[in-house]
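This report refers to the structure that appears directly beneath it.
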Amino acid sequence: MQDPYQTYLDNLAAANSLIKPRFAPGLTEAAIIDAIRENAERLFRLHRENDAILQEILFSKTAQTLTASEADALRALAGALFNYNRSADVGIAYRIHQLLYEYARLHGDTDLIVRELYYQGITLFYLNVRDSGTGVNLFHEQIGAYFRAGAEYLSQYETLESVETRGYILRSLGNIKHSLRLEQFAKGLSVSEKLWADYLAVFTRAMEIFTSPRYREMNPELPWESFCYAMHYDRTQFLGTLRTRPDPEISAAVLESAGYVYRHQEQIAAAGERTVGSRTQYVYAAARYHAGQSELSELLDTLFSILDAAGAQDHSGDGIWTNLTVPEYLHHYAALLPEEAQRALRPRLDRAMENRIQYLYRLPVNEYAGQVSNLLLSTLGHSSKADDRFSNHVLEYILACHPPTFVHSEVLGILTRWFCAHIADVAPAMLDGLLGIPHPAESPETLAAFLEQAYHVGLYHDVGKCMLLSYVGQYSRRLLDEEFACIKLHPVFGCSLLENLGLSDYACAAQYHHRAFDASGGYPAVFAECPQRTRLLVDIVTVADALDAGTDNVGRSYAAAKTFDQLVDELRAGRGRRYSPTVVDLLDDAAFYKRTKAFLEESRRHAYMHAYCGRGQA
């Protein structure tokens, strides 16, 4: 690989090592802060170098100007950057494949066209943001268009001699399913008859080809059984809708696929390579129950057996799934039992939930951030709402998964409390009615409780970023437009998560903190007005967000950070439009201005020490 391409890869690796630093014991606070600042400066330099490299090798190129050797080098770079869910930089891989597709079309290279259609679809699929709770699936139409275009070459299958090209056609055919909003199946959302019919059409067409003796005889070396396994595995996602809406046709289809997946894994287990996964055990048992082939008690016994066999220190993918997810399913299915049977199971259910809490407490934060955050989001249900300890720890864990977001969130919590405490001193009536409290400042006890809630409103405002770790952790280059479109969804995700936990007042700050005060802009496109019981708090969070993000001179380069005075000038310039005049006016008090400037710096240092030398090193 030529020098700039390898340099880009080396810079990525260097940036990733700087994002999660480790500090030797015994370092002073000053030494640790200096080390974090030095890392930030190095990241800034890497960022600028990578932007220049990408401009040279990719963004300045067109299909017409790209040479054959450059195309080969870019293809190699994309292969190094993209490895499905272990990709070093899926966004740049996607952009490379876009360019290579245009290059293939220009030169009429059918084999390369088919390859690049597949890779555009699959890299965008891994770049995409999908969430069953909010119904978000940002790029599904474009993903579907790539795969449908690749699958259309099935009509030329026999004339295209390359086995590799034929494989890309078949993979594209199976992946058309990713255009059909599959995220709706995971949480039991209602599946329309049309959506089910569309899915069945894709499934049936793909399976006709994958099981065809004719196609298999043409290319016996292709992984036909893997193609079939992927189709069946995806169809088991419909189990989610059966938990809330029984359907005989869907039940039969899910059971067929669950049985296929179970037998496939059983064969592998018999060969001694691994055991049947706990998720597969659950899916097969649940599919049999929903299809009327087993009793509820049998399903519950299977779930308890899976949980009992799980190790409390098992941090494998299967272990994390079992310890965090199975207790939620136990609560769901146990609720279908008669009351007397539920009472008999209560001690075992309570034990399961307590073990779940303890497992999360012991789980190292930095090592399993993405997987655990997504699992917690997808399994928050009745039992989570009912247990305050677990709910609070879920939020703390999610924030701690990304130290920079944790730092910013803690500073926001502290600043929100700081502004509210000042208002209580100078204009206490402004707080009346906030969070449903008639007069928060009427007594020291009431005010202390209110300020604690205000702290948490600020602390959890960015919790939606837990679903976007691959984007918010991208420090080594400029964000792509597609990536920024994903990041702009974090208020939606944060609001949904907090609502699911019954924290609607906190959810408002998550939803509205990037909206303009006068509703003239910002994101997301929220049309409902912010409730008055939280409006002032949202306004405070919005101002505090700008104050901290713009002036952070510890975890970001000095060249990128603004001074406190510069940032306040910007707040004043946006007063009444982007920012609340009521909140910005507080900084016109010279004494409060001076105290806030010093307080912000002190709070930031405290938050960095907490994140990188406390929970961040868990």
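Tabulated data
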{"read-out": "Order by protection proxy (mean Cβ within 10 Å, highest first), peptides 333-340, 579-586", "value": "579-586, 333-340"}
{"read-out": "Extension reserve of the Arg86-Glu256 stretch, reckoned as 0.36 nm per residue once the Cα distance is removed", "value": "58.2 nm"}
{"read-out": "C-alpha center-to-center spacing [the stretch 476-546, the stretch 17-55] in angstrom", "value": "29 Å"}
{"read-out": "Amide H partners (placed H, <5 Å) of Gly522, local residues excluded", "value": "Ala516"}
{"read-out": "Radius ratio Rg over Rh of the stretch 1-91, counting only Cα atoms, Kirkwood formula for Rh", "value": "1.11"}
{"read-out": "MRE, 222 nm, helices only [DSSP H, n ≥ 4, -39500 (n - 2.57), over the chain, to nearest 500]", "value": "-21500 deg cm²/dmol"}
{"read-out": "Accessible area expressed per residue, the chain, with surrounding protein chains retained (probe 1.4 Å, Å²)", "value": "43 Å²"}
{"read-out": "Normalised contact order of the stretch 199-289, rounded percent, pairs of Cα under 8 Å and 6 or more residues apart", "value": "23 percent"}
{"read-out": "For the stretch 425-564: Kirkwood Rh in Å [reciprocal of mean 1/r, alpha carbons]", "value": "16.4 Å"}
{"read-out": "Those chymotrypsin sites (Phe, Trp or Tyr not before Pro) in the stretch 518-569 that DSSP places in a loop and that have at most 14 other beta carbons within 10 Å", "value": "Phe527, Tyr558"}
{"read-out": "Asp3/Asp111 FRET efficiency (R0 22 Å; Cβ-Cβ; nearest 0.05)", "value": "0.15"}
{"read-out": "Structure-derived semi-axes √(5λ) of the Cα gyration tensor in Å - corresponding label in (1) 76, 29, 25; (2) 36, 30, 22; (3) 44, 34, 22", "value": "(3)"}
{"read-out": "Potential lengthening between Asp10 and Asp481 on full extension [0.36 nm per residue; Cα-Cα distance subtracted]", "value": "167.2 nm"}
{"read-out": "Length-normalised contact order for the stretch 286-371 - Cα pairs under 8 Å, 6+ apart - percent", "value": "27 percent"}
{"read-out": "When each of Lys177/Lys488; Lys194/Lys488; Lys488/Lys562; Lys20/Lys465; Lys20/Lys562 is checked by Cα-Cα distance, pairs over 28 Å", "value": "Lys194/Lys488"}
{"read-out": "Positive dipole terminus of the stretch 474-618, leading residue within Gly494, Phe517, Ser504 (C-beta point charges)", "value": "Gly494"}
{"read-out": "Mean Kyte hydropathy of -1.0 or more with a Cα span along the axis of at least 30 Å, helices from DSSP in the chain", "value": "29-54, 248-270, 403-426, 590-613"}
{"read-out": "Inverse mean reciprocal Cα-Cα distance (Kirkwood Rh) of the stretch 488-560, Å", "value": "13.1 Å"}
{"read-out": "Listed peptides 275-282, 251-258, 478-485 by packing density, highest first (mean Cβ within 10 Å)", "value": "251-258, 275-282, 478-485"}
{"read-out": "FRET E, pair Ser17, Gln156, Förster distance 45 Å, beta-carbon r, rounded to 0.05", "value": "0.45"}
{"read-out": "Projected label distance in nm at Asp589 and Leu435, using a 7 Å step from Cα toward the beta-carbon", "value": "2.0 nm"}
{"read-out": "Carbon + sulfur, % of accessible area of the chain - ligands and nucleic acids excluded, 1.4 Å", "value": "51 percent"}
{"read-out": "Listed peptides 529-542, 8-21 by packing density, highest first (mean Cβ within 10 Å)", "value": "529-542, 8-21"}
{"read-out": "Rg to Rh quotient for the stretch 77-143, alpha carbon positions, Kirkwood Rh", "value": "1.04"}
{"read-out": "Along each principal axis, Cα extent of the stretch 415-475, largest first, Å", "value": "45, 20, 17"}
{"read-out": "Relative contact order (percent, whole number), the chain, Cα cutoff 8 Å, 6+ residue spacing", "value": "12 percent"}
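The values are calculated or read from the model by the stated rules, or taken from the named source; none is laboratory data. Being a predicted model, the structure only gives us computed values, none of them experimental. All Cβ positions, even for glycine, are placed from backbone atoms using ideal geometry, and neighbour counts span all protein chains on display. Just the protein is used for accessible areas: all its heavy atoms, side chains included, with ligands, DNA and RNA removed. Shrake-Rupley method; radii C 1.70, N 1.55, O 1.52, S 1.80 Å.
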